[in-house]
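Report on the following structure.
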Amino acid sequence: MIEIKKMFLEGAELDFLLEIVGRSVIMFILILVILRLSGKKGVRQLTLFEVAIILSLGSAAGDPMFQEELPIIYALVVLFSVIVIYKFVTWLSSKSTLINKILEGEAMVVVRDGMFDLKHEHDGDFSKMEFFSELRNQSVEHLGQVRMAVLEIDGSMSILFYPDAEVRYGLPLFPDDYKRIISNHGEVPVACMYCGQISAIIPIDQSCPRCQRNNWALAIDTKRV
């Protein structure tokens, strides 16, 4: 027969309950800090704040499942503390744009006017290969099709496309076309493989005037299918 009192209270130290609340607050803050330092914008469809909530609740619920010495009441206190923190921080975020930005970050412009935006080029989490993959998943063949692309705080990509009549030459994103060339005789414009800058021919000094890189690929101007 299951002993309810033993499951919930045996071995519990009532003086330790207040410390659990403090530990929950500290660990929750640490989870947020670590996720922010990781440089990730968020898990798809989840913000960093929501990921922190899931991790906190998962840890609180998981430990008592296999640790006999942990009374369930400890987990209940942790769960309650996390939910209170969540409600309080959500309320603060609704009142302050600054707090909301600190907790969840900001949307980031990835592509502007058919070229990669260089504003975040020195950010540790700025990976063009990830952006290439995300743009390909949105059926983008080259940057000349894109007027603006924004990386949202939940990790999704929002894209504004040029109308077919306004599609320009752009940097190809698929491996078959994203290949470095050494010279170009002007038949087809070239695109900087780093920032997407378009040039009629490869500059004599080989360097892109926009980002100072020196790798070029043949640009394409195909319309969206």
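The values are calculated or read from the model by the stated rules, or taken from the named source; none is laboratory data. All values reported here derive from a predicted model rather than from experimental measurement. We place every Cβ from the backbone using ideal geometry, glycine too, and count neighbours over all the protein chains shown. Remember, those area values only see protein heavy atoms, side chains included, never the ligands or the DNA or RNA. Shrake-Rupley method; radii C 1.70, N 1.55, O 1.52, S 1.80 Å.
So that you can scan it fast, the table gives a plain yes or no per residue for (1) more than 30 Å from Val51 (Cα to Cα); (2) modelled with pLDDT of 95 or more; (3) out of contact with any Gly (no Cβ under 6 Å at 6 or more places or on another chain):
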position: Gly155; (1), (2), (3): no, no, no
position: Leu160; (1), (2), (3): no, yes, yes
position: Gly170; (1), (2), (3): yes, yes, no
position: Lys179; (1), (2), (3): yes, no, yes
position: Pro189; (1), (2), (3): yes, no, yes
position: Tyr194; (1), (2), (3): yes, no, yes
position: Ser199; (1), (2), (3): yes, no, yes
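Name the single residue that is farthest from Val78 (Cα to Cα) among those in the range 1-24 being outside any loop (DSSP other than H, G, I, E, B) and open to solvent by less than 60 Å² (accessible area, probe 1.4 Å).
Phe16
Which condition does His142 not pass, out of (1) at pLDDT 95 or above; (2) under 30 Å from Asn100 (Cα atoms); (3) not aromatic (Phe, Trp, Tyr), if it passes all the others?
(2)
Say we look at the range 73-88 and pick out the residues that are in contact with a Leu (Cβ under 7 Å, 6 or more places away or on another chain) and buried (at least 18 other Cβ atoms within 10 Å of the Cβ); which of these is nearest to Leu9 (Cα to Cα)?
Ile73
Conditions (1) open to solvent by 30 Å² or more (accessible area, probe 1.4 Å); (2) of a type in the set (Phe, Trp, Tyr), marked per residue:
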| site | (1), (2) |
| --- | --- |
| Glu152 | yes, no |
| Met157 | no, no |
| Val167 | no, no |
| Tyr178 | yes, yes |
| Ala191 | no, no |
| Ile198 | yes, no |
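Quick check, is Leu70 at pLDDT below 85 and either within 17 Å of Val51 (Cα to Cα) or polar (S, T, N, Q) (or both)? Let's see the steps before the verdict.
On the way: at pLDDT below 85: yes; either within 17 Å of Val51 (Cα to Cα) or polar (S, T, N, Q) (or both): no.
No: the conditions fail for Leu70.
If a residue counts only when it is aromatic (Phe, Trp, Tyr) and without any contact (Cβ under 8 Å) to a residue 40 or more places away in the chain, which strands (runs of 3 or more DSSP E) contained entirely in the range 150-225 have at least 1 such residues?
On the way: elements: 157-161, 190-192, 216-218.
Counting at least 1 such residues, we get 216-218.
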